[in-house]
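This report concerns only the one structure given below.
Here, each number is a calculation from the coordinates, and none is a lab measurement. The structure displayed is predicted, hence computed values, not measured ones. Virtual Cβ from ideal backbone geometry, glycine too; neighbours counted across all protein chains shown.
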Amino acid sequence: MEEITVIFHGTNGWYTSKTGYTTCITIDTPECFIILDAGEGFTKIPDVYPSIKKPALLFFSHFHLDHISGLHTLARCRFEDGLSIYGPPGVEMLSTFIGYPYTVPIGELAYPVTITKLPEGRSDLHVRVKTAPLVHNQPVFGYRFELGKTIAFCTDTGPCDGIITLGAGADLLITECAYLPGQEDPGWPHLNPEAALRLSKEADAEQLALVHFAADLYTTIDHRLSIRDIGPEFSDVIIGMDDMIIKL
């Protein structure tokens with residue numbers, strides 16, 4: 001089986017700071033190029049991948065600005081086999097956001113772009129993907145990709161069954177970690193490190209990676225790394241950093 005390359009281009013939540021850009025992750029597979037959210041980390045893609053000669057699929061968890069702001073650099077990208085954008089209900093509004101007065105319109109890009117609302121459950125695209133609703137103050141989708149290796153992505157969510165469903169037996173479960181250890185706020189659902197690890201274990205995921213660290217809480221890289229001090233059970237957890245590469 002050919003190698004799958006996962007790159008964390010942006011690992012901050014809310015806003016870009018010295019600790020990282022806002023959320024964007026790519027999964028480069030032999031068959032297609034998958035993008036998870038398009039925060040400011042998205043702006044790095046043309047430098048890492050000057051030309052992408054396979055189907056490119058961009059999946060949105062939701063539409064808060066820290067997950068879509070990087071779309072203003074679509075004109076720098078070279079998706080030579082086109083770009084297919086997918087997301088939960090409301091994704092259609094991106095056809096307005098990707099246009100004047102905000103940025104270069106879809107019709108003026110150098111490659112074709114489509115925007116499609118995904119249903120809950122399984123969809124067969126260039127890749128088999130499963131969606132499930134998560135828990136936030138806006139509708140949010142989590143994703144599970146079956147690529148030979150299984151990768152799940154769940155961000156901007158409080159603890160919920162959707163994470164367990166999507167992460168079940170996954171080779172890599174990527175979750176958010178906006179809150180500090182022990183911090184909770186049911187009115188603004190996010191995960192702290194303990195909840196993320198607990199859900200990963202309940203899902204029996206092989207490996208857990210944490211991203212989407214709240215920029216106002218994890219103000220230094222050392223704050224992120226201090227998660228390991230919670231206890232030995234965190235020794236194998238991947239603490240996401242901008243430009244980190246994982247090979248599967």
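Considering only DSSP beta bridges whose two residues both sit in the chain, what percent are antiparallel, to the nearest 5? Close to 50 percent. Summing +1 for each Lys or Arg and -1 for each Asp or Glu among the other residues whose beta-carbon sits under 9 angstrom from that of His67 gives -3. Seen against the Cα atoms of the chain and their longest principal axis, helix 193-203 is set at about 80 degrees.
Cβ crowding within 10 Å, taken as a proxy for footprinting-reagent exposure, orders Asp37, Asp229 from fewest neighbours to most as Asp229, Asp37. Loop-resident chymotrypsin sites (Phe, Trp or Tyr not before Pro) (DSSP state other than H, G, I, E or B) in the range 40-119 with no more than 15 further Cβ atoms inside 10 Å of their Cβ: Tyr102. Among Lys117, Lys130, sorting on how many other beta-carbon atoms sit within 10 Å of each Cβ, with the fewest leading, yields Lys117, Lys130. Centroid-to-centroid, using Cα positions, the range 134-213 and the range 221-237 are 17 Å apart.
Taking GluC sites (Glu not before Pro) across the range 108-212, the ones in a DSSP loop with at most 13 further Cβ atoms lying within 10 angstrom of their Cβ are Glu120.
The charge dipole of the range 40-185, taken about the Cα centre with unit charges on the Cβ atoms of Lys, Arg (+1) and Asp, Glu (-1), comes to about 520 debye, rounded to the nearest 20. With kT/(6 pi eta Rh) evaluated at 25 °C and eta = 0.890 mPa s, and Rh the Kirkwood radius from Cα pairs, the chain diffuses with a coefficient of 138 µm²/s according to Stokes-Einstein.
By the rule of a C-alpha distance below 30 Å, with chain neighbours fewer than 8 residues away ignored, the lysines paired with Lys18 are Lys44, Lys247. Count Lys and Arg as plus one, Asp and Glu as minus one, and take only other residues whose Cβ is under 10 Å from that of Gly10; the net charge is then -4. Here the chain is assigned +1 on the Cβ of each Lys and Arg and -1 on the Cβ of each Asp and Glu. Its dipole about the Cα centre then comes out at about 460 debye.
All alpha carbon pair distances within the range 86-186 were sorted into 5 Å bins beginning at 0; the resulting P(r) in whole percents reads 2, 12, 18, 19, 16, 14, 11, 6, 2, 0.
Build a GNM of the chain with springs between Cα atoms under 10 Å apart, and of Gly82, Gly148, Gly187 the one that fluctuates most is Gly187. For Lys130, a cut-off of 17 angstrom between C-alpha atoms picks up these lysines, skipping any fewer than 8 places away in its own chain: Lys117, Lys149.
The helix-based estimate of mean residue ellipticity at 222 nm for the chain, built from -39,500 (n - 2.57) per DSSP H run of four or more residues and divided by its residue count, is -3000 deg cm²/dmol to the nearest 500.
Of the residues Ala209, Pro189, Leu125, the one whose Cα sits farthest towards the positive end of the charge dipole of the chain is Leu125 (charges of +1 on Lys and Arg Cβ, -1 on Asp and Glu Cβ, taken about the Cα centre).
Taking the Cα centre of the range 116-197 as origin and charging only Cβ (+1 Lys, Arg; -1 Asp, Glu), how large is the dipole, in debye to the nearest 20? Intermediate values should be presented prior to the final figure.
Working: 6 positive and 10 negative charges, 84 e Å.
Dipole of the range 116-197, to the nearest 20 debye: 400 debye.
Glu146 sits among other residues whose Cβ lies under 12 Å from its own Cβ, and their net charge, with Lys and Arg +1 and Asp and Glu -1, is +2. Cross-link partners of Lys53 among aspartates and glutamates, defined as those whose alpha carbon lies under 12 angstrom from its own and excluding same-chain residues fewer than eight positions apart: Asp28, Glu31, Glu80, Asp81. From the alpha carbon centroid of the range 1-61 to that of the range 67-86 is 10 Å. Residues whose amide H falls under 5 Å from that of Val135, counting only those 5 or more places apart or on a different chain, are Gly158, with hydrogens built in the peptide plane.
Among the GluC sites (Glu not before Pro) in the range 1-60, those placed in a DSSP loop whose Cβ has at most 14 other Cβ atoms within 10 Å are Glu2, Glu3, Glu31.
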